[in-house]
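The next block holds one structure in the form of structure tokens; read it before the comments.
Here, each number is a calculation from the coordinates, and none is a lab measurement. Because the structure is predicted, anything quoted here is derived from the model rather than measured.
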Ligand SMILES: [Zn+2]
């Protein structure tokens, strides 16, 4: 099997004391998160079956400080990654919030413009009404003067 050869050569590169699990694979370091053993690291099968459980029941505590450090580093990296993701999501939310505010401002601006248009229209309407009244008054004056002229010429 070429894969087992590859994993044994990898094993030599990483650490000489990584055990093999019952299915013959290089065991992986995991961290327990139980109340009895919080943060304690152990070696387990690297493969998972369809139920999401380890493929074999291999289990070995890895209490040597080297492994503990490795496990802690791994967990720290995971925490950092999660933090990074959280920050990314936060930034995304902030961006969306900004976008929403921008759209709101745009909407307000448009509404204001509409309002201004309306006001302008109303004032134009008032001007027109005023002009019409003025025209009517002038007409009346003209008619009165005309009648006066006719009457005075008799
Ligand atoms: Zn296994």
Query raised in the report: Nearest 10 degrees, 0 to 90: what angle lies between the long axis of helix 2-14 and the longest principal axis of the chain (Cα atoms)?
Result: 90
Report task. Please report, in Å, the Rg and the Dmax of the chain, where both are computed over Cα atoms only. Result -> 43.4, 136
Query raised in the report: Which whole-number percent gives the relative contact order of the chain, counting Cα pairs below 8 Å spaced six or more residues apart?
Result: 12
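Kindly provide the helix-only [θ] at 222 nm of the chain, computed as the sum of -39,500 (n - 2.57) over DSSP H runs of four or more divided by all residues, to the nearest 500 deg cm²/dmol?
Working: 2 runs with 102 residues, N = 154.
The per-residue figure over the chain is -25000 deg cm²/dmol.
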Requested in this report: Please find, in a Gaussian network model of the chain (springs between Cα atoms separated by less than 10 Å), the residue of 100, 134, 32 whose mean-square fluctuation is greatest.
Outcome: 134
**Report entry** Candidates 127, 63, 97: whichever shows maximal mean-square fluctuation once the chain is modelled as a Gaussian network with Cα springs under 10 Å
**Finding:** 127
Report summary line: Relative to the chain, whose Cα atoms define the longest principal axis, helix 65-153 and its Cα axis are tilted in degrees, nearest 10, by 10
Query raised in the report: What residue among 85, 108, 125 has the largest mean-square fluctuation in a Gaussian network model of the chain, using Cα springs under 10 Å?
Result: 125
